[in-house]
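Input: a single structure, listed below in structure tokens.
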Amino acid sequence: MNLEQENFKNPNEIYWDVHTNGIEKRKPSVTRPTPVDREVLIEEGQVLLSITDTKGVIEYCNEAFVETSGYEEYELAGSGHNIVRHPDMPRVVFKLMWNRIQNKENIIAVVKNLAKTGRYYWVITDFVIKEDNEGNIIGYKAFRKPAPRKAIEAVIPLYKKLREIEKARGMEAADKFLFGYFEGENTNYDDFIENLIIDNLKKEVIQENTSEQEAVKPKTKEEKKSFFKRLFGN
């Protein structure tokens with residue numbers, strides 16, 4: 001068994017980081033609960049903020065994050081961010097997220113998180129990369145809003161399939177399947193998630209003077225940045 005297989009063997013016992021130095025095995029500071037099939041409903045408009053160092057260790061969480069997760073500040077601070085990782089989430093999705101933000105590239109992701117009570121909650125996560133004056137990454141900010149129901153329903157079967165592949169064949173096989181899946185659909189993870197979010201927003205008013213016709217997929221990188229800045233309010 002290689003290092004990767006060993007570290008991804010038991011999600012309830014292993015803290016993991018995917019970063020430039022590979023995967024680190026670290027003991028979690030708080031024991032994760034047994035999942036229960038009950039959802040934590042997040043109030044519309046709430047933004048759950050967390051700030052971590054370059055290895056995913058939590059430095060700060062806002063009140064909305066604390067209340068939704070069910071943990072106290074002292075339990076979250078200094079813990080790996082995987083303290084809220086739900087076992088239904090494919091590890092390959094987190095690998096994709098880490099690879100992107102470590103290359104200073106944002107990614108919008110739909111994530112199922114685990115609360116202290118064992119209940120779950122779905123969020124859309126958007127990242128801001130923190131850099132020093134020399135352009136070195138010094139940490140990450142993650143902003144989360146409640147995920148649209150349509151987005152949740154769309155990712156559940158995909159994430160379930162990825163977890164099955166990871167369990168049977170490992171994360172490398174799941175990574176290849178994910179690439180092949182989106183290639184077969186003539187899309188990619190970003191566009192897939194983005195379209196789900198936009199389809200939901202077409203039914204809402206993003207800003208007072210924004211019409212439904214204006215709530216369409218942005219065409220340029222700058223428009224995309226502006227769109228998600230309005231979406232997450234950061």
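Conditions tested, residue by residue: (1) at pLDDT 95 or above; (2) surrounded by 17 or more Cβ atoms within 10 Å (Cβ to Cβ).
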{"site": "Asn12", "(1), (2)": "no, no"}
{"site": "Thr31", "(1), (2)": "no, no"}
{"site": "Arg38", "(1), (2)": "yes, no"}
{"site": "Glu44", "(1), (2)": "no, no"}
{"site": "Leu49", "(1), (2)": "yes, yes"}
{"site": "Thr52", "(1), (2)": "yes, yes"}
{"site": "Cys61", "(1), (2)": "yes, yes"}
{"site": "Ser69", "(1), (2)": "yes, yes"}
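Sub-7 Å Cβ pairs linking a first residue in segment 143-164 that is farther than 24 Å from Thr68 by Cα to a second residue that is surrounded by fewer than 18 Cβ atoms within 10 Å (Cβ to Cβ) and acidic (Asp, Glu), at least 6 apart or interchain, are Arg163/Asp88, ordered by first then second residue. Select, from Lys104, Lys95, the only residue that is over 23 Å from Pro148 (Cβ atoms), touching a strand residue (DSSP E or B) at 6+ places or on another chain (Cβ under 6 Å) and surrounded by 15 or more Cβ atoms within 10 Å (Cβ to Cβ). Lys95 is the lone residue from the list that is over 23 Å from Pro148 (Cβ atoms), touching a strand residue (DSSP E or B) at 6+ places or on another chain (Cβ under 6 Å) and surrounded by 15 or more Cβ atoms within 10 Å (Cβ to Cβ). Taking Leu196 as the residue in question, decide whether it is assigned to a helix (DSSP H, G or I), closer than 20 Å to Ile108 by Cα and in contact with a Leu (Cβ under 9 Å, 6 or more places away or on another chain). It is false that Leu196 is assigned to a helix (DSSP H, G or I), closer than 20 Å to Ile108 by Cα and in contact with a Leu (Cβ under 9 Å, 6 or more places away or on another chain).
The values are calculated or read from the model by the stated rules, or taken from the named source; none is laboratory data. All figures in this text were calculated on a predicted structure; none of them were measured in a lab. Note: ideal-geometry Cβ built from the backbone for every residue, glycine included; neighbour counts use all protein chains shown.
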